[in-house]
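Structure first, commentary second.
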Amino acid sequence: HRHLTGIEGLQPHEIAFLLDEAEGWIAANRERGTPDKRLAGLTQINAFFENSTRTLLSFEIAGKRLGADVVNMHAAQSSVKKGETLIDTAMTLNAMRADVIVIRHMSSGAVRLIADKVDCPVLNAGDGRHEHPTQALLDALTIRRRRGTIHNQRVVICGDVLHSRVARSNILALTALAAEVRVCAPSTLMPPAIERMGVTPFIDFDAALEGADVVMMLRLQTERMAGGYVPSTREYHLRYGLTLKRLARAKADALVMHPGPMNRGVEIDSNVADHAERSAITEQVEMGVAVRMACLDVLTRRSRGVEGWA
Ligand code: CP
């Protein structure tokens with residue numbers, strides 16, 4: 001693979017390979033011993049056409065830890081605001097001879113479009129409702145480390161599944177790694193025929209939570225609901241908010257996850273999000289840096305004359 005535009009198309013052993021590679025960077029990040037600057041001399045452009053805290057910063061930190069020259073392009077301050085097209089922007093980045101481009105865009109498929117136009121590897125940092133592959137990899141790594149395995153783990157993904165690229169990428173990654181995936185959403189936020197992705201849909205959150213090993217909560221993505229049905233936050237919390245009482249339906253040692261940003265008091269209560277033993281939310285952020293280091297390393301191997309994928 002030249003690019004990482006999605007989890008779709010990756011074989012289970014390729015996903016496991018990226019997780020193994022990321023595993024190697026966790027200790028390096030914690031110890032901060034002799035830096036491994038294997039991307040020294042490479043230029044990494046992070047082109048973000050949509051807001052981000054975790055993904056942008058962790059890609060920047062990941063690139064810098066590996067020695068790359070990292071530059072960030074924020075669409076709000078770029079010539080996109082003057083009417084420049086996505087393709088022209090991509091051609092401009094390409095002409096600057098970037099060695100790797102990381103893109104976040106509000107349109108599904110925009111990253112693939114750019115990947116087809118440029119000469120260097122492109123990594124998808126989230127495109128519309130389509131995919132957010134590095135998020136799924138960091139979530140899978142968190143589950144594998146905390147639960148010991150992904151195989152046969154009952155993972156409940158609850159929330160605005162319809163608009164969620166995180167849910168889509170996680171479903172693809174977790175089913176590929178043989179987890180039992182349940183998705184839970186109000187019928188208005190459940191994608192049609194989702195069971196074709198190998199998951200079990202639930203409308204009733206309490207039923208979905210029975211015996212869960214992992215509970216992954218999603219934010220209501222109101223920015224993608226223009227013209228559609230927007231539930232009231234009070235009603236939503238009542239039926240789909242993760243409270244301590246509700247969490248008791250899952251396994252006693254179930255893991256609570258959230259990709260962020262969280263809306264506390266809407267999809268998740270603070271005493272659940274901040275739970276010392278159960279919440280893996282800050283660990284997910286830590287895994288994000290390791291996963292992005294692994295992806296940047298693996299995707300640039302060919303151009304550095306190193307053998308690429310497993
Ligand atoms: N999880 C995630 O993608 O967060 P950001 O939007 O802050 O990058």
Once the in-chain neighbours fewer than 8 apart are removed, the aspartates and glutamates whose Cα is under 17 Å from Lys64 read Glu31, Asp36, Asp99, Glu286, Asp297
What fraction of the DSSP beta bridges in the chain is antiparallel, stated in percent and rounded to the nearest 5? 5
May I ask you to list the lysines whose Cα is less than 26 Å away from that of Lys81, ignoring any residue fewer than eight positions away on the same chain? Lys117
Anisotropy class of region 194-310 from Cα gyration tensor, a/c 1.5 cut: prolate
Between the helical axis of 12-31 and the dominant principal axis of the chain, each derived from Cα atoms, what acute angle in degrees is found, rounded to the nearest 10? 80
Using the alpha-carbon atoms, what tilt in degrees (0 to 90, nearest 10) does helix 133-147 show relative to the longest principal axis of the chain? 50
Under Stokes-Einstein, region 161-250 at 20 °C and 1.002 mPa s, with its Kirkwood radius over C-alpha pairs, diffuses with a coefficient in µm²/s of 155
Mean ellipticity per residue at 222 nm, deg cm²/dmol - from DSSP H runs of n ≥ 4 across the chain, formula -39500 (n - 2.57): -11000 deg cm²/dmol
Which aspartates and glutamates, on any chain, are close to Lys251 with Cα under 17 Å apart, when same-chain ones fewer than 8 places away are left out? Glu180, Asp206, Glu210, Asp213, Glu277
Could you give me the ³J(HN,Hα) list for region 121-132, computed from phi with Karplus coefficients 6.51, -1.76, 1.60 and θ = phi - 60°, whole Hz, x at Gly and Pro? x, 10, 10, 7, 9, x, 10, x, 8, 6, 8, 9
Can you work out ³J(HN,Hα) from phi for every residue in region 237-248, in order, using Karplus 6.51 cos²θ - 1.76 cosθ + 1.60 and θ = phi - 60°, giving whole Hz and x for Gly and Pro? 4, 4, 9, 10, x, 8, 9, 4, 4, 5, 4, 4
Cysteines in the chain that, by Cβ-Cβ distance, have no pairing candidate under 4.7 Å: Cys120, Cys295
At 10 °C in a medium of viscosity 1.306 mPa s, region 14-99 has a Stokes-Einstein diffusion coefficient, with Rh taken as the Kirkwood radius over alpha carbon pairs, in µm² per second, of 108
Probe of 1.4 angstrom, ligands and nucleic acids ignored: what's the accessible area per residue over the chain, in square angstrom? 43
Using a 10 Å cut-off on Cβ atoms, rank the peptides 220-230, 20-30 from the highest mean neighbour count down. 20-30, 220-230
Can you tell me which of 279-292, 75-88 comes out highest on packing, and rank the rest after it, using the mean Cβ neighbours within 10 Å? 279-292, 75-88
Leaving out ligands, DNA and RNA, what percent of the accessible area of the chain is carbon and sulfur, probe 1.4 Å? 50
In whole Å, what are the Cα extents of region 57-122 along the three principal axes, biggest one first? 34, 24, 23
If each part is reduced to its alpha-carbon centroid, region 20-53 and region 81-126 end up apart, in Å, by 20
Whole-number Å³ per residue for the convex hull built on Cα positions in the chain: 129
For Val183, the residues 5 or more places away or on another chain with a placed amide H closer than 5 Å to its own amide H are Ile157, Thr200, Phe202
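The values are calculated or read from the model by the stated rules, or taken from the named source; none is laboratory data. Computed from a predicted model, the values in this text were never measured in an experiment. Neighbour counts are summed over all protein chains in view; Cβ atoms, including those assigned to glycine, are modelled from backbone coordinates with ideal geometry. Surface areas here come from the heavy atoms of the whole protein model, side chains and all, with no ligands, DNA or RNA. Shrake-Rupley method; radii C 1.70, N 1.55, O 1.52, S 1.80 Å.
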